[in-house]
Structures are given as C-alpha cells and as structure tokens.
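Encoded as structure tokens, the structure appears first; notes follow it.
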C-alpha cells in the first residue's frame, strides 16, 4: 500500500487529495482532502503577473497541504500548476520560490495536458463503455473540453474562458446589467465556438454524445439546484443530472441577484458567489453549442488524474487504462511525423544515446529512468528543426518541441526535452541563452548539461544518417579518467571517417562536462563481437 498526495494549483483554488493506492487491484481510495480558495489568478489576466498577495496566500495554502501530507506520511507529493501560473510572466519565479521556501516541486502543465489528466481522473471513476462522452471542466482561468469513449481521447482542448478570468473582465455592475450580460454571453460563445466545432469533428456520423461535468463551478450549481428541488444536496453529487432548461432558469435568477443576495443562497460560499454567474454562463453556452440538453456530474477530475498518471508511469495499471501508459511515446512519434523527421535515423540516434546513457551511468552520472526517457524523446526529435530550415535547425528544434503540444509531460519536462535538442550540436549550454534560463532549477540545468553532451555523441555516430555504425560499447578507466568508446562499422570496408571526425569535433563538450578524456576506436569485425543496435 502506497500513500501519495496530489495537489492542483488552480487559478481559483488550491486542492489536494491524499490517496492510498492498492497496487493489487489496482485502485486508490481518497482518505483526505484539503482546499483553499486563494485566487492565485486574481488580477493576473490583465497584468500577466501573479499578485504578491496571491503568492503569499498560495504559499500558506501549500504549507498547510504539506502538513496534512506529513500526517499521512505520504510517499510522494505530486503537484501541478495550471492556467494562472502558465500564463503569468512571473510564473517560473513563483515555482522557484515554492521549491526554495517549501522544498516542494511543482510541475506546470499545458492546457491539453491538463485536459488529458482530467480525462484520466474521470475514467478512474466512470466506465464509459465505448459511449462517446464530452467532459467539461470549468476552472478559474480556463475551460477544458474533452471527447472520449474510454479509449484514447479523441479531442483535448483548453480555452481561456474561466470563471475568475471573466468575473474580473466583465462583471462591472451588481446585479449584472443586461448590457454586461449580453457582452459576456457573446464573448463566451465566440471563445467556445472553435473548440466545440473541433470536438464535433471527431464524432462519428449519427453519434450522440453524453455530457459529464466536473469542477467547483458545476458542483456549486448542482448543490444550488438540489436545494431548490429537494431542499438539501444529496450525500454524493456523483451521477447527479442537471438539464439545460434548469440551468437557464438558474442563470436568469443568478444574474438578477446582487452579490449579497447570492451569498445568502443555500450552499453558496462568498468566494463562489463572486464568480458563479460567468461560470454558469460558460456551462450554458457550451451545452447550447454542443446541442446537449443534460449534464451528469463526476466528482473526480484533475487531482485524481494526477494520481492515475503517477500510477501509469510506474506500471501500476494494467487494465482499461493500459493505452495511456504509452501516451508520451506516441505523442513524441506523432510530433516527429508532423515535422517529417526521418524516423529510422532518429531511432538510431536514440538507441546510441540510450546505450551511452546506460554505459555511463554510475561512473559518470546518476540519472534514472525519468531522465533516460527525456533523453530518448529529445533524440527522437532533435532534428525536427529541419522542417523549418537546415540553417540553425537545432534552434528551430527547440521552438517546435517547446510549442508542439507534447502530451504526458509537465511543462518543465518539455522544457528539458527542447533544451536537449537545442544543444545536440554547436556549443554547450550558456547562461545567457534565454531557453537555458527558462529551466526552473539547478537540477534541470544539470540534466541538460550532461545529457546534451551524450546526445551530441549519439548524433555524431550517425553523421551520414545511413547507419554506418552498427554497435558500440565503452569502458571507463577511473585511474586515468579515460572513457574508451569502441565502435563497430556495419560494412567492413567502411572506415566511418565522417563519423569519427564528427565525434572528434563534438567530444570536447563531453570531456569538459564529465571531466574525462574520450578515446574513440573503430574496431574490426575480428576484434569486436558486439550485439547490433537495432535500426
């Protein structure tokens, strides 16, 4: 039995769940929760800065989360940040501050990655049974729309319409004036039209999807509806149904109520009363555009998705979510296809890189499986910049990877992959480089420093991109600090002169980074009997 905590640093609130995982089933149960409405994104949508007061509130909330986690003696805390942090210009410094002050590592995730993990959270509690299902999650800064049927998600989108964001931009009157209401309604509809159309394009002819809703906004609306209908909310909101007609009636009442009047409504907190009107309108416009007249609620979402993703990455899930365990690999391959990467050449470089990684682990570095995978991803994509131009293609590779929408990775992991690809040629990383400065901490910079040096050698080994080098092995003499690299040519008559020259040109970075002397030797078939590296 393992116990882990999952923290979601949202625009409106910071949520944590503590779960106990039974790997035999595999499944998990929630044993504790913690929530603080800190309004991390308050005022940031215009200034693009997290406000100092919001940062103080967030740090205090995270400290409370850590205290709860310590009481449960959790094995791991997994924390992610979403819309407010990923959009703020001081978001990275905020993440560094959390690590410095609390020793807590927070991963910033992209909108599509947030949507993917919401999908995982929903699948952990509901069996979709191959039924096309739309999932909507309305947050403080963004709204995620997902289409899936229990298999691969067909569509993942994240749109910058959130309850906190819209309240700050549009709620200028109290109660909301007709003019402000109509402006807000038009804005929401305009923002949602494209993602809804994109989602609909993935429906099969005649397919009628059902709608599931998650998030605090939807939960509050359902509680309000339950109070009106039955006098009290049910013990659990899981599976509660809200019709579009009932939602429209609620909006008509909410928008004509003042803030003070909304605060008096059953089940409505003061903080939620501030943002419930735009939140309800987002849901209403989404349902209208989707042509779906009822919503069923699901109590699991991003936080539980963080847990599921953690389990998948550690091989703890072997059931209907099995396909998700390869989402990162498939995302890398898809991006490689998109930018017309020569996959056979990329696979050779990746194999060389992983072989060098494995054979240098111990004597030269101490990185593990997570870093090994990031090196693989970078090796597969290192040449994608050729899609833009051969000149400075390593810099183009950085940009394409950084903005390519890789799924299954945190923002920090994508940044590492992009930086590794950036430095597969030319000089080593430099502090003045903007992309290198984007790495959050010293550990991430050290990963890039060391693994990019390995990737340089791997790329050199396939300089002609014809698979001239069939296999390699190495040994390290600690006394003389000499790293011997033994190569075997695929064709006995090939002297691999260009590969050896390229290694000679690139070895200086490897030698400087690891403090060794690199000696390369091309072996003959008679002197070297090595297993071939698959191409």
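Given N residues in the range 328-523, what is its alpha carbon radius of gyration divided by 2.2 N^0.38 Å? Could you put the intermediate results ahead of the total?
Details: Rg = 15.8 Å, N = 196, 2.2 N^0.38 = 16.3 Å.
Output field value: 0.97.
What fraction of the Cα pairs in the range 65-198, stated in percent, has a spacing above 27 angstrom? It would help to have the intermediate numbers written out before the result.
Working: 3366 of 8911 pairs.
Percentage above 27 Å: 38.
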Crossing angle, helix 327-338 versus the chain [Cα axis fit, 0-90 degrees, rounded to tens]: 70 degrees
Sequence of 475, 8, 494 once ranked by neighbouring C-beta atoms within 10 Å, starting from the fewest: 475, 494, 8
Angle between the chain longest axis and helix 91-102 axis [Cα atoms, degrees, rounded to 10]: 90 degrees
The range 328-523: relative contact order as a whole-number percent, Cα under 8 Å and 6+ apart: 20 percent
Acute angle (nearest 10 degrees) that the helix 369-381 long axis makes with the longest principal axis of the chain, alpha-carbon atoms: 80 degrees
The range 25-80 and the range 81-110: distance between their alpha carbon centers, rounded to Å: 11 Å
Pair residue 227, residue 344: separation of 7 Å Cα→Cβ label points (nm): 6.8 nm
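What order, most packed first, do the peptides 100-110, 199-209, 65-75 have when packing is the mean number of other Cβ atoms within 10 Å of each residue? Working shown, then result.
Working: 100-110: 18.0, 199-209: 12.5, 65-75: 15.1.
My ranking of the peptides, most packed first, is 100-110, 65-75, 199-209.
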Distance from the range 134-195 to the range 429-488 (C-alpha centre basis), Å: 45 Å
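Please state the relative contact order of the chain as a whole percent: Cα pairs under 8 Å, 6+ residues apart? Walk me through the numbers on the way to the answer.
Details: 974 pairs, mean separation 63.8, N = 535.
Relative contact order, the chain: 12 percent.
What's the extension gain from residue 481 to residue 30 if we count 0.36 nm per residue and subtract their Cα-Cα distance?
157.2 nm
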Alpha-carbon gyration tensor eigenvalues x 5, square-rooted, for the range 126-299, Å: 26, 19, 13
Net length gained if the chain between residue 334 and residue 96 were fully extended (0.36 nm per residue, minus Cα distance): 82.5 nm
Förster radius 25 Å - calculated FRET efficiency between residue 160 and residue 388, Cβ distance, rounded to 0.05: 0.40
Distance histogram for the chain (every C-alpha pair counted, 10 angstrom bins, percent rounded to whole numbers): 3, 17, 25, 23, 16, 9, 4, 2, 0
Binned Cα-Cα distance frequencies in the range 404-501 - 5 Å width, integer %: 2, 11, 18, 16, 16, 14, 13, 7, 2, 0
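We did not get these values from a lab; they are worked out from the coordinates using the rules stated. This one's a predicted model, so the numbers in the text were calculated from it and none came from an experiment. Cβ: placed from backbone, ideal geometry, glycine included. Neighbour counts: every protein chain shown.
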